[in-house]
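Data block below; observations after.
The values are calculated or read from the model by the stated rules, or taken from the named source; none is laboratory data. Here the structure is a predicted model, which is why all the values come from computation and not from measurement. Neighbour counts run over all protein chains shown; Cβ positions are idealised from the backbone, glycine included. Areas reflect the complete protein model, heavy atoms only, side chains present, ligands, DNA and RNA absent. Shrake-Rupley method; radii C 1.70, N 1.55, O 1.52, S 1.80 Å.
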Protein chains: 2
Amino acid sequence: MLTIAVDAMGGDHAPKPEVDGAIRAAKALGVRVILVGREDVVRRELESHADYDSLPIEIQHASEQITMHDSAAKAVRAKRDSSLRVASRLVRDNCAQGFVSAGNTGAVMATAKMVQGVVPGVDRPAVAGVFPTVTGSPMVMIDVGANVDCSPSMLAQFAIMGEIYSRMILHRESPRVGLLSIGEEEHKGNEMTRASMPLLKSLPINFIGNVEGRDIYSGKVDVVVCDGFIGNVALKVSEGLVDMIKNMLQESLEATITRKLGYVLSKAAFTDFKRRVDYSEYGGAPLLGVKGVCIICHGRSNANAIKNAIRVAAEFSSGKINQRIESEFRRWNGGKAGD
Amino acid sequence: MLTIAVDAMGGDHAPKPEVDGAIRAAKALGVRVILVGREDVVRRELESHADYDSLPIEIQHASEQITMHDSAAKAVRAKRDSSLRVASRLVRDNCAQGFVSAGNTGAVMATAKMVQGVVPGVDRPAVAGVFPTVTGSPMVMIDVGANVDCSPSMLAQFAIMGEIYSRMILHRESPRVGLLSIGEEEHKGNEMTRASMPLLKSLPINFIGNVEGRDIYSGKVDVVVCDGFIGNVALKVSEGLVDMIKNMLQESLEATITRKLGYVLSKAAFTDFKRRVDYSEYGGAPLLGVKGVCIICHGRSNANAIKNAIRVAAEFSSGKINQRIESEFRRWNGGKAGD
């Protein structure tokens with residue numbers, strides 16, 4: 001049975017969604033879960049669930065907690081008994097195959113990188129976000145927030161890791177990999193995209209050149225490569241727009257009685273829609289390139305999001321994605337003397 | 001009576017939306033319109049409208065046309081009798097107070113900059129896009145595509161121009177200006193945003209610091225400053241997402257009979273929604289910092305978008321925005337010896 005550690009103190013509403021999510025995962029997915037955090041707090045939450053003691057769930061005590069106000073550097077240096085750090089250590093020591101955290105993204109990345117280490121060949125781990133598309137097939141965007149200033153060789157590494165994710169976990173055959181820019185033509189873009197183009201073209205992947213912002217949702221590309229600054233902006237612009245649209249639809253629909261009746265009759269469609277654009281269905285974003293598995297969730301994650309993140313962590317572990325990344329990097333560097 | 005020139009050959013479906021839009025504007029807005037393009041083609045389109053000869057619409061012949069495949073440099077150097085260039089020349093020669101084009105954005109910018117020249121004090125003109133927000137008040141994003149690699153002083157100029165646009169044209173009092181980044185804290189961002197922070201703080205505007213992608217739609221900021229690469233990605237990500245959501249809603253609503261009935265009853269709400277997120281209501285994006293007025297429309301613009309762009313051009317001209325920009329830049333530079 002796979003074991004996944006969950007940082008029970010990470011999210012904005014911890015430990016409730018973490019504990020609820022762990023219970024759902026233990027029931028539905030057949031995984032063992034270790035909840036990491038202050039034992040008294042976590043146990044109290046766990047005991048509010050009637051059937052908890054029949055499930056494969058354990059608690060691992062950790063006395064400290066990283067907050068949104070702690071810098072990543074401080075998280076790594078100062079709080080040596082934080083729930084985040086203890087969860088990461090469980091992975092390093094092979095007590096768990098992966099861990100899930102809805103905490104401070106910068107702190108999660110820095111901790112995983114330092115405690116677990118990176119896969120040989122990888123310079124900088126990157127966060128891979130999954131986006132829905134018109135065609136229904138999920139699209140991977142890498143990096144969505146780990147590395148704000150990138151070199152062409154970092155983008156090339158992201159491309160390889162994203163391609164493996166799409167192929168091995170999302171089961172896309174020969175995923176189409178594109179570079180996020182502001183026009184399809186090769187000369188369009190900024191200094192960084194233009195400088196990255198030759199290297200990306202030389203990779204042993206199905207690289208389709210520049211793609212534009214609107215292609216993220218169009219289904220014409222499976223992996224979008226960008227630096228973490230752009231990726232984070234794209235992700236958050238999307239979140240903000242979805243929130244606004246939900247609001248607008250609600251307002252418009254509440255404006256008259258006829259529309260209200262219409263709303264009642266078309267409610268299932270709205271539920272569908274919300275589910276399809278809801279990040280919590282996608283189960284968090286993997287930090288690719290670290291040893292072991294690390295899944296980063298939104299701070300606002302609900303129990304469903306945590307459950308799905310545990311599922312993704314288990315899939316990554318079974319899919320042996322790190323071994324794949326390591327062997328692809330070896331193959332790639334092997335073909336390029338001195339690189 | 002204000003006169004606005006329209007590049008009748010610019011858009012993807014030219015000259016139909018341009019001519020239709022000109023007719024709507026001449027009827028509704030009390031402006032005179034000069035349609036610029038191949039006389040035979042434009043006249044044929046114009047004559048398909050029964051009442052055209054009673055309206056203040058004229059045709060100015062231009063023998064050439066810029067296509068999406070022409071580079072901006074080529075457009076400026078080679079095609080001296082293009083509809084775009086002739087329209088820009090009408091503004092320079094004071095035969096029109098502004099011009100509207102749905103053509104190749106790079107070519108429009110390069111042409112306007114060269115033919116009309118820039119407002120004294122401005123280094124680089126920038127495109128200001130208007131976005132809807134949850135609160136209903138429009139938000140200005142600058143730059144959305146003109147300048148891909150920017151320095152801190154360029155961002156500072158964008159901030160000042162965007163602030164004037166928000167205040168003078170959109171009538172926001174003391175507009176809140178934010179720098180697009182990946183976290184609100186000052187240290188979050190990339191090299192460029194961190195380097196720009198001190199300069200932005202020193203400006204005589206209501207600068208509120210870093211804002212995130214989701215704030216574009218939240219109504220908590222009136223002007224978002226960013227380089228043209230990020231701005232263009234944010235704009236196109238939003239377009240792509242809106243398209244996907246329209247699609248999803250349609251699909252979900254068509255799935256069962258009850259929902260279809262619901263759809264009929266709530267149809268007005270959808271029309272509302274589409275109108276509120278429809279770029280064509282916003283009437284194109286002004287190129288700020290050039291002398292005269294230049295409004296850039298989406299290549300896919302319909303007649304309504306062209307009409308609204310003509311309206312915006314007229315508003316910019318009456319609002320004397322360029323004089324404002326010039327005096328603000330003089331004031332700003334006056335306060336900073338040697339800048």
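Computed values, structure above
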| quantity | calculated |
| --- | --- |
| Cα principal axis extents for the protein assembly as shown, largest first, Å | 84, 63, 49 |
| Shielding score for B:243-250, defined as the mean number of other chain Cβ atoms within 10 Å | 6 |
| Among B:200-206, A:242-248, the order from most to least packed when residues are scored by Cβ within 10 Å on average | A:242-248, B:200-206 |
| For B:Ile34, residues with placed amide H under 5 Å, excluding near neighbours | B:Ile4, B:Ala5, B:Val6, B:Glu58 |
| Packing rank of A:183-192, B:7-16, where each peptide gets the mean count of other beta carbons within 10 Å, highest leading | B:7-16, A:183-192 |
| Within a Gaussian network of chain A (alpha carbon springs, distance under 10 Å), most fluctuating of A:Ala50, A:Ala73, A:Ala305 | A:Ala50 |
| FRET efficiency estimate (nearest 0.05) - Cβ-Cβ, B:His61 to A:His187, R0 25 angstrom | 0.15 |
| Square roots of 5 times each gyration tensor eigenvalue, C-alpha, the range A:1-55, largest first, Å | 17, 13, 10 |
| Gaussian network model of chain A, Cα within-10 Å springs - most flexible of A:Phe99, A:Phe229, A:Phe158 | A:Phe229 |
| The range A:132-142 - phi-based ³J(HN,Hα) in whole Hz, Karplus 6.51/-1.76/1.60, Gly and Pro as x | x, 9, 4, 7, x, 8, x, 10, 9, 10, 9 |
| Theoretical ellipticity at 222 nm over chain B - DSSP helices of four or more residues, -39500 (n - 2.57) apiece, nearest 500 | -14000 deg cm²/dmol |
| Over 31 Å between alpha carbons, listed pairs B:Lys74/B:Lys236; A:Lys236/B:Lys79; A:Lys113/B:Lys246; A:Lys188/A:Lys320; B:Lys16/B:Lys236; A:Lys188/B:Lys320 | A:Lys236/B:Lys79; A:Lys113/B:Lys246; A:Lys188/A:Lys320; A:Lys188/B:Lys320 |
| Considering only the protein assembly as shown, percent of DSSP beta bridges that pair antiparallel, nearest 5 | 25 |
| Residues whose placed amide H lies under 5 Å from that of B:Val118, excluding near-sequence neighbours | B:Lys291 |
| Solvent-accessible area of B:Thr135 with every protein chain in place, 1.4 Å probe, in Å² to the nearest 10 | 90 |
| Mean shadow area of chain A over all directions, Cα convex hull, nm² | 19.0 |
| Most mobile listed residue (A:Arg194, A:Arg85, A:Arg38) in chain A, GNM with C-alpha springs under 10 Å | A:Arg194 |
| Extension gain (nm, one decimal) between A:Asp93 and A:Asn206, 0.36 nm per residue minus Cα-Cα | 37.0 nm |
| Residue mean of other protein chain beta carbons inside 10 Å, A:210-218 | 6 |
| Neighbouring partner chain Cβ atoms per residue of A:223-236, average, 10 Å criterion | 5 |
| Gained length - A:Ser153 relative to A:His49, 0.36 nm times residue gap less alpha-carbon distance | 32.6 nm |
| Length-normalised contact order of chain B in % [C-alpha pairs under 8 Å, at least 6 apart] | 22 |
| Stokes-Einstein D (µm²/s) once Rh is taken as the Kirkwood radius of the range A:1-158 over alpha-carbon pairs, at 10 °C in 1.306 mPa s | 95 |
